[in-house]
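Encoded as structure tokens, the structure appears first; notes follow it.
Please treat every number below as a calculation from the coordinates, not as lab data. Just so it is clear, the model here is predicted, and its values are computed rather than measured. When we count neighbours, we look across all protein chains shown, and the Cβ atoms used for this are built from the backbone with ideal geometry, even at glycine.
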Amino acid sequence: MDVQKTTLGLELPTDPRWVNIAEKNIEDILVDHAYCEQKAASSCISLIIQFPEREKLVDVLTPVVAEEWAHFELVIEHLKKRGYGLGKARKDEYVIKLNEVMKKGGSRDEQLVERLLMNALIEARSAERFKLLWKNLEDKELQRFYYDLMVSEAGHYHNFIELAKEYLPEEKVEKRWRQFLKEEAEIIKSLEVRADRMH
């Protein structure tokens, strides 16, 4: 997968105004990004705790936890270098709306796949946003940083999709993934372009 050329399957690209607004509000973006990395690590930990009997899931997600937490630490470093503090976490309207799309109930495997696909979607959108930052920021250090994170998040997206196919038939996973993508596009349309949000 060439993340530099792919849209990661997303149905709706990010509004091009977002990156211009983000660059003018880089402190807010870095703060929100830090919390996104913390939440990503926490989400993987939660999956491991709730599904410890899924050996492959534990094997795949354990290093992802470490990687996401390392990203959190790196974002903190970039904040400190620029004289910024972490600040308070903000409500993530994007993730809240995605949570509403998740199907409730079903078998244990179906519940797991819903969680995995939601995580895949967040990683795909994050990689797409990191690509925009890499290509458009004037800050060369942050450009390199977001290039590395773009590649990493795209890899995580792939991991979550492949894990989902371990627990439900591939055609069922693909069908549900397409539904998630359509719903996510509608969510992106409904959200205003904000200066203080990574998503």
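Which value, in debye to the nearest 20, gives the size of the charge dipole of the stretch 1-80 about its Cα centre, when Lys and Arg are +1 and Asp and Glu are -1 at the Cβ? Using only the charged Cβ atoms, the result is roughly 100 debye. Relative contact order of the chain, taken over Cα pairs closer than 8 Å and 6 or more residues apart, is 34 percent.
For the chain, the longest principal axis of the alpha carbon atoms and the long axis of helix 26-50 meet at an angle near 20°. Rg and Dmax of the stretch 101-199, based on Cα coordinates, read 15.4, 48 Å.
What does the charge add up to near LYS39, with Lys and Arg as +1, Asp and Glu as -1, over the other residues with Cβ less than 11 Å from its Cβ?
Numbers: positive: none; negative: ASP32, GLU37, GLU68, ASP92.
That works out to -4.
Under the simplified labelling scheme, the GLU53-LYS189 pair shows an inter-label distance of 4.2 nm, with each label point 7 Å from Cα along Cα→Cβ.
What is the stretch 19-135's relative contact order, in percent, from Cα pairs under 8 angstrom and six or more apart in sequence? It would help to have the intermediate numbers written out before the result.
Details: 67 pairs, mean separation 31.8, N = 117.
Dividing the mean separation by the residue count of the stretch 19-135 yields 27 percent.
Shape index of the stretch 17-190: Rg/Rh, with Rg the Cα radius of gyration and Rh the Kirkwood radius from the inverse mean 1/r over Cα pairs, equals 0.98.
Note on ARG144 and ASN99: the model spin-label points, each 7 Å out from Cα along the C-beta direction, lie 3.8 nm apart. Segment ILE21..LYS172, full-extension length gain: 50.5 nm, with 0.36 nm per residue of separation and the alpha-carbon distance subtracted.
In the chain, the calculated helix contribution to ellipticity at 222 nm averages -25500 deg cm²/dmol per residue, counting -39,500 (n - 2.57) for every DSSP H run with n ≥ 4.
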